[in-house]
Amino acid sequence: MRRAQTLAKAHLDLGEVEDEFASSVIEGLSNAQKSLPCRYFYDARGSALFEDITRLPEYYPTRTETQILMDYADDMVGSVGDGGLLVEFGSGSSLKTEILLDHLGSSVAYVPIDVSETALADAKARLMRRYPSLDVRPIVADFSHALTFPADLAAREKTGFFPGSTIGNLAPQEAASLLTVFGRALGRSSRLIIGVDLKKDPRRLIDAYNDQAGITAAFNLNLLRRINRELGANFDEQGFRHRAIYDPAKGRIEMHLVSRHDQQVSVCGRTFHFSAGESIHTENSYKYALEQFREVARASGWRPARVWTDTREQFSVHELIWPKAGRGCA
Ligand code: SAH
Ligand code: AVI
């Protein structure tokens, strides 16, 4: 990924633009189909808006996955031994984590990893109140980069947790690559408990990303506000509208920000032109069939084991096992 960014920078002659956020934004807005990476949604306001999304009547994934975790947490983590390490990728509020923590021994340590510093700080404060003896060691990082655990925890037996179907925000091939990174980081014989949203009636999907209250729209538009604040850009939020569509061939929801009229925007001293109706592609959210996701897991080097779903098979939680030896250097 770093190499890809270096190549992209060379191609665009980004020169002095060293900041990763700035270079990603300039690169994305320079593409024929303008795009922005969805990991930048999560500044303090974006993380808070995501929490609002999780409580919306239309946004079924959080409720459904939470119920699956409550029904099967003991099966999922009952075998984790004393002194184990729970590592969560894209932990956000860590609310679902509490369901697992209630089924784990008190000597387990917890490493939440997220790009959102505020989400990690709020989660840590709450967890320390609710689980006073829990050793919580947040890491502010992009989980797709090589991960190093605190030295005193590195040798512990690790269980990965990746809820929320955040894996669905990557295309299947990229998802497989990310799962390989996780497997190598967690090491031999580790397990990963991962939430994956399932294919379903497109109407339900479309409603989940076009809520009546407009919270998903605010979440999407917040990206422009963040670019203005952090990169001194001059996006007019009112000049763009939220659009979410389902592409059945690709099996994904796409979120876009659509320019309401012809306009020019300046970002880091560069000018970008938007015609009326032109969009910035801001997020994909892939929806899987159960076997299709197990195939992605196999391609990444994990062995798919158990799967838990709700009775209507709207959402799934998979158990993956990283082999004792073999692929990679784990
Ligand atoms: N796990 C929580 C939150 C899901 S929202 C849940 O299930 O409700 C996605 C989370 O992943 C956000 O907190 C976001 O900040 C984080 N995230 C997204 N991309 C990331 C990346 N590349 N590296 C680290 N964290 C990331
Ligand atoms: C974090 N991720 C899995 C969410 C999703 O459903 O793709 C982010 C989100 N985007 C719009 N609503 C929620």
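The values are calculated or read from the model by the stated rules, or taken from the named source; none is laboratory data. Since we're looking at a predicted model, the values are computed, not measured. When we count neighbours, we look across all protein chains shown, and the Cβ atoms used for this are built from the backbone with ideal geometry, even at glycine. Protein only, heavy atoms only, side chains kept; ligands, DNA and RNA dropped before computing areas. Shrake-Rupley method; radii C 1.70, N 1.55, O 1.52, S 1.80 Å.
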Just the residues that are among the hydrophobic types (A, V, I, L, M, F, W, C), free of Cβ contacts under 8 Å to residues at least 40 places away in the same chain and either under 25 Å from ALA176 (Cβ atoms) or more than 10 Å from ligand 1 (Cβ to nearest atom) (or both), please, taken from the stretch 139-159. ILE139, ALA141, ALA146, LEU147, ALA151, ALA154, ALA155
Is it true that some residue in the stretch 104-118 is at pLDDT 95 or above, among the hydrophobic types (A, V, I, L, M, F, W, C), open to solvent by less than 20 Å² (accessible area, probe 1.4 Å) and within 16 Å of ligand 2 (Cβ to nearest atom)? yes
So in the stretch 256-274, with the set limited to residues that are free of Cβ contacts under 8 Å to residues at least 24 places away in the same chain and either open to solvent by 50 Å² or more (accessible area, probe 1.4 Å) or touching a His at 6+ places or on another chain (Cβ under 6 Å) (or both), which one is nearest to ARG243 (Cα to Cα)? ARG260
For the stretch 214-232, enumerate the residues that are among the small types (Gly, Ala, Ser) and either in contact with a His (Cβ under 6 Å, 6 or more places away or on another chain) or in contact (Cβ under 8 Å) with a residue 40 or more places away in the chain (or both). ALA217, ALA218
Residues that are under 27 Å from ASP71 (Cβ atoms) and touching a strand residue (DSSP E or B) at 6+ places or on another chain (Cβ under 8 Å): list the strands (runs of 3 or more DSSP E) wholly contained in the stretch 230-330 that include at least 1 such residues. 252-259, 279-286, 303-309, 315-321
Considering only residues that are buried (at least 17 other Cβ atoms within 10 Å of the Cβ) and either part of a helix (DSSP H, G or I) or near ligand 1 (Cβ under 9 Å from one of its atoms) (or both), which ones fall in the stretch 125-138? LEU127
Within the stretch 185-198, is even one residue under 29 Å from SER259 (Cβ atoms) and out of contact with any Ser or Thr (no Cβ under 9 Å at 6 or more places or on another chain)? no
Counted residues in the stretch 143-162 being surrounded by fewer than 19 Cβ atoms within 10 Å (Cβ to Cβ), among the hydrophobic types (A, V, I, L, M, F, W, C) and within 16 Å of ligand 2 (Cβ to nearest atom) come to 0
Working carefully through the options VAL25, VAL17, VAL77, find the one that is at pLDDT below 95 and touching a helix residue (DSSP H, G or I) at 6+ places or on another chain (Cβ under 8 Å). VAL17
I need a count of the residues in the stretch 28-51 that are open to solvent by less than 60 Å² (accessible area, probe 1.4 Å), farther than 16 Å from ILE253 by Cβ and more than 16 Å from the chain's Cα centre (by Cα). 4
Exclusive hit being within 16 Å of ligand 2 (Cβ to nearest atom), of a type in the set (S, T, N, Q) and touching a helix residue (DSSP H, G or I) at 6+ places or on another chain (Cβ under 9 Å), set ASN210, ASN234, ASN228: ASN210
If you scan the stretch 119-142, which residues turn out to be farther than 11 Å from GLU88 by Cβ and within 16 Å of ligand 2 (Cβ to nearest atom)? ALA119, ASP142
Write out, first by first residue and then by second, each pair whose Cβ atoms fall under 6 Å of each other, whose residues are 6+ apart or on separate chains, and whose first residue, in the stretch 102-119, is within 14 Å of THR159 (Cβ to Cβ) while the second is among the basic types (Lys, Arg). VAL111/ARG137
Return yes when ALA244 is away from ligand 2 (no atom under 16 Å from the Cβ), within 22 Å of ASN222 (Cβ to Cβ) and either of a type in the set (D, E, K, R) or open to solvent by less than 40 Å² (accessible area, probe 1.4 Å) (or both) and no when it is not. no
Of all the residues that make up the stretch 176-228, how many are part of a helix (DSSP H, G or I), among the β-branched types (Val, Ile, Thr) and buried (at least 21 other Cβ atoms within 10 Å of the Cβ)? 2
